[in-house]
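The values are calculated or read from the model by the stated rules, or taken from the named source; none is laboratory data. Quick caveat: nothing in here was measured; it's all calculated off a predicted structure. Glycine gets a Cβ as well: all are built from the backbone with ideal geometry, and neighbour counts include every protein chain shown. Calculation scope for accessible area: heavy atoms of the full protein, side chains included, ligands and nucleic acids excluded. Shrake-Rupley method; radii C 1.70, N 1.55, O 1.52, S 1.80 Å.
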Amino acid sequence: MGKISEFLTINQNKIEILQKGQNGTPIIILTGMGCSFDEWYEVTESLSKSNRVIMFHRPGLGASEISHEVRNTQTVVNEVSEMIRLLKLSEPVVLVGHSYGGLCVQHFVKEYPEKVAGIVLVDSTSVDLKVLDDLNLPVLNEGSTDEIWMEKCRAYSQMKREELRGIINPTLTEKQKLLPNDIQKRLINFQINPSLYKAMYSEISNWKRDGEIIKNLKVYPDIPLIVISRDEEYTIRLGTMEGLPEWELRLFEEKWQELMMNQVNLTLKSKFHIAQEASHSIHLDRPDIIVQSINEINSLFN
């Protein structure tokens with residue numbers, strides 16, 4: 001087990017770091033928006049047998065402090081660069097990003113290509129994410145636009161923990177319930193942290209602008225890349241079981257897959273994997289395919 005309660009001071013914030021393993025090429029994994037590194041337990045346990053694995057909670061998440069800084073991908077890029085310096089990682093790292101973390105990875109590799117040996121994007125947010133707003137999805141968009149989420153996050157960020165517990169009624173998914181008991185408790189507490197929602201409010205406020213900024217940075221470097229996408233039909237099936245209209249789900253998933261393929265085309269050194277029977281939470285549904293993909297990247301320089 002890694003040292004869960006390890007901290008670094010980055011940009012005057014105390015940041016919670018997870019490290020496992022000591023050997024091999026360092027692997028840095030960036031989580032999705034509002035997600036804990038504890039969800040990656042199976043992935044990190046497996047990878048740490050051969051590699052040094054590093055994760056961190058962005059400011060506001062977990063036990064990481066947050067002040068009044070703007071939370072955008074540039075801020076995350078700066079934090080990752082400083083973390084690499086503080087941890088004295090002298091060799092290029094394998095950079096893995098899930099969802100919003102993938103958007104941050106796409107930004108980092110354009111600014112610091114010399115610090116990156118390879119990349120794995122796990123159902124990553126696209127730099128063109130704003131095109132999803134153009135889809136006609138009346139039911140899917142009901143109650144889930146950026147503006148509505150920002151208003152919820154603003155309100156939650158001003159509440160006390162016990163207030164949040166009563167409103168959110170934090171629960172675990174069936175896959176999360178398979179994780180060790182101490183991690184399950186941490187995941188419950190993770191959800192009732194007002195600072196989490198302060199961070200999410202700022203990230204949501206900026207992510208579409210971030211996408212445009214990343215697109216306009218220098219050309220994507222010629223670095224090995226693996227893109228992992230969720231299973232389109234499996235995700236549609238889950239949605240219909242929740243009573244959502246299939247035609248809306250299919251419209252959204254087809255556009256999502258198109259955006260995934262745009263990421264594959266970022267470099268000639270790319271591969272594309274579909275995580276069969278996996279939703280957006282591929283790290284929980286199919287941790288094996290993430291481990292396999294990272295090991296593929298590792299094999300190129302080991």
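Take region 202-224 and flag every residue that is among the basic types (Lys, Arg) and under 14 Å from Gln74 (Cα atoms). Quick ask: steps written out before the conclusion?
Within region 202-224, the first condition is being among the basic types (Lys, Arg), and the residues that meet it are 208-209, 215, 218.
Lys208, Arg209, Lys215 - these are the residues of region 202-224 that are among the basic types (Lys, Arg) and under 14 Å from Gln74 (Cα atoms).
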Margin query: As an exercise: evaluate Glu248 against (1) touching a helix residue (DSSP H, G or I) at 6+ places or on another chain (Cβ under 6 Å); (2) open to solvent by less than 20 Å² (accessible area, probe 1.4 Å); (3) closer than 23 Å to Glu142 by Cβ and give the number of the one condition it does not meet.
Written below: (1)
Next item on the list: Being touching a helix residue (DSSP H, G or I) at 6+ places or on another chain (Cβ under 8 Å), closer than 17 Å to Glu39 by Cβ and either not β-branched (Val, Ile, Thr) or not in a loop (DSSP other than H, G, I, E, B) (or both) is the filter here, so list the residues in region 190-211 that pass it.
Entry: Phe190, Gln191, Asn193, Leu196, Met200
Note to self: Pull out all pairs, ordered by first then second residue, where Cβ-Cβ is under 7 Å, the residues are six or more apart or on different chains, the first lies in region 127-153 and is among the acidic types (Asp, Glu), and the second is surrounded by fewer than 16 Cβ atoms within 10 Å (Cβ to Cβ).
What the structure shows: Asp128/Asn262
Note to self: Tally up the residues in region 19-49 that are out of contact with any Ser or Thr (no Cβ under 7 Å at 6 or more places or on another chain), assigned to a loop (DSSP other than H, G, I, E, B) and closer than 17 Å to Val120 by Cα, please.
What the structure shows: 4
Check: Does Ser64 satisfy the criteria of being over 15 Å from the mean Cα position of the chain (by Cα) and open to solvent by less than 20 Å² (accessible area, probe 1.4 Å)?
Finding: yes
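Right, Thr267: outside any helix (DSSP H, G or I) and of a type in the set (Ser, Thr, Tyr) or not?
yes
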Notebook entry, point to check: Out of region 220-260, which residues are without any contact (Cβ under 8 Å) to a residue 24 or more places away in the chain and farther than 19 Å from Asp285 by Cα?
Noted result: Gly243, Glu246, Trp247, Arg250, Glu254, Glu258
Item checked: Residue selected from region 76-96 under the condition hydrophobic (A, V, I, L, M, F, W, C) and either part of a loop (DSSP other than H, G, I, E, B) or open to solvent by 50 Å² or more (accessible area, probe 1.4 Å) (or both), by the criterion nearest to Ile297 (Cα to Cα) -> Leu89
Margin query: Given the criteria touching a helix residue (DSSP H, G or I) at 6+ places or on another chain (Cβ under 7 Å), in contact (Cβ under 8 Å) with a residue 24 or more places away in the chain and within 24 Å of Val219 (Cβ to Cβ), does Leu121 qualify?
Written below: yes
Margin query: Of all residues being of a type in the set (D, E, K, R) and over 19 Å from the mean Cα position of the chain (by Cα) in region 179-195, which is least open to solvent (accessible area, probe 1.4 Å)? Just the residue, please.
Written below: Asp182
Notebook entry, point to check: Taking interchain pairs and intrachain pairs at least six residues apart, which have beta carbon atoms under 6 angstrom, with the first residue in region 189-204 and over 14 Å from Asn13 (Cβ atoms) and the second surrounded by fewer than 21 Cβ atoms within 10 Å (Cβ to Cβ) and among the charged types (D, E, K, R)?
Noted result: Ile192/Arg161; Ile192/Arg165; Tyr201/Arg154; Ile204/Asp146
Margin query: So for region 123-135 (the condition being polar (S, T, N, Q) and farther than 16 Å from Ile294 by Cα), does at least one residue qualify?
Written below: yes
Check: Which of the residues spanning region 107-124 are open to solvent by 10 Å² or more (accessible area, probe 1.4 Å) and either of a type in the set (Phe, Trp, Tyr) or closer than 27 Å to Asn141 by Cα (or both)?
Finding: Tyr112
Item checked: Leu238, sole failed condition from (1) out of contact with any Asp or Glu (no Cβ under 7 Å at 6 or more places or on another chain); (2) over 22 Å from Leu132 (Cβ atoms); (3) assigned to a helix (DSSP H, G or I); (4) open to solvent by 40 Å² or more (accessible area, probe 1.4 Å) -> (2)
Notebook entry, point to check: Just checking, which of Val43, Val94, Val109, Val80 is under 30 Å from Ile236 (Cα atoms) and touching a residue at least 40 places away in the same chain (Cβ under 8 Å)?
Noted result: Val43
